[in-house]
1. Treating each Cα of the range 182-232 as an identical point scatterer and ignoring solvent, apply the Debye formula and state log10 I(q)/I(0) at q = 0.22, 0.24, 0.25, 0.30 Å⁻¹.
2. Name the shape class, rounded, prolate or oblate, that the alpha-carbon gyration tensor gives for the range 231-363, where a ≥ b ≥ c are the square roots of its eigenvalues, rounded holds for a/c under 1.5, and otherwise prolate holds if a/b is larger than b/c and oblate otherwise.
3. What are the equivalent ellipsoid semi-axes of the range 244-304, built from the alpha-carbon gyration tensor (square roots of five times its eigenvalues), in whole angstrom, biggest first?
4. With an 8 Å Cα cut-off and a minimum separation of 6 or more residues, compute the relative contact order for the range 294-363 in percent.
5. Measure off 7 Å from each Cα along the Cα-to-Cβ vector at residue 235 and residue 89, then give the distance between these two points in nanometres to one decimal.
6. Using all C-alpha to C-alpha distances in the range 206-248, build P(r) with 5 Å bins and read off the rounded percent in each one.
7. Residue 204 to residue 166: extension gain in nm, 0.36 nm per residue of separation minus the Cα-Cα distance?
8. For the range 222-257 and the range 300-324, what is the centre-to-centre distance using only Cα atoms, to the nearest Å?
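Every number here is computed from the coordinates shown, using simple stated rules; none is lab data. All values reported here derive from a predicted model rather than from experimental measurement. For neighbour counting, all protein chains shown are included, and Cβ atoms are generated from backbone atoms with ideal geometry for every residue, glycine included.
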């Protein structure tokens, strides 16, 4: 079936969506493991009740843009925490592994220590005869040969004992070094995880406040403005590519009409932008990260002129400041979960002015 035609852009809904995405950008950098939290919770406080429709719409644009940006930073911080917790789990497992290796090596070292002590005592007491003493004390040539052979065997055994002991000592030393390194890595990972946990709570508090302010701003809109914001978008049929990309696109389109929900990732309940993308690709059997910025790190870059259905498109000023993501359903249209007060819908890509780049996932 042919793809639906592109609906004209220019409704109040499109204007709101266009402005809504770039009113407030760059207030806070995307969280990294050692980032210092610079969010100002007071910055998300709602403005006084607007006196007219134009002011109300402006307030919606500001508050929803801020909520989207902070929300994506919160999700990125959660991804950081999960990664550090995985590092910590691996380091703890390494400690157990190398600790056992150390114990085994120390036991082996102790096992051969007695034999080494015997060799040393024998040498000290003069129990090791030279071949010359064997010649002088031997009663016959055969005695000399027998004693020489015994001496060579004893020397070989002693050398073997010493070599084995040296190897055990080295193994114990190496295992101890690895266990010490694993312990340090575990401590570093634990410290990083604790820092992110504190950072995460700060971001969550700020995001919750921004979302509440955005909802309050939407509530202040007139009935006609709310209706325009909540318009369904293009409900036509779109044909996707074969494979996982087509399956992911079909999944995303199946959620048209489901209202935006910050932090949402549930079918029929609510999605935010990156939650919709992650859920859609999961239906196609492909796992991608949770936040929009992290999703930009997967797949292959695609030029805007080469966009096709199934490609992920990203919006923001820099790679670390990506705040929104959608999925192309045609060369010029995308399906996305816009923001507070809007449902999942298909819109023209041109509705958003701060396009950053696109990625094509395998499948």
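1. Computed log10 I(q)/I(0) values: -0.81, -0.86, -0.89, -1.00.
2. Because its axes are fairly even, with a/c under 1.5, the range 231-363 counts as rounded.
3. Over the Cα atoms of the range 244-304, the semi-axes work out to 19, 14, 10 Å.
4. Contact order relative to length: 41 percent.
5. In this crude spin-label approximation the distance works out to 4.4 nm.
6. 5, 17, 13, 12, 11, 11, 14, 14, 3
7. 8.1 nm
8. Taking the Cα centre of each part, the range 222-257 and the range 300-324 sit 18 Å apart.
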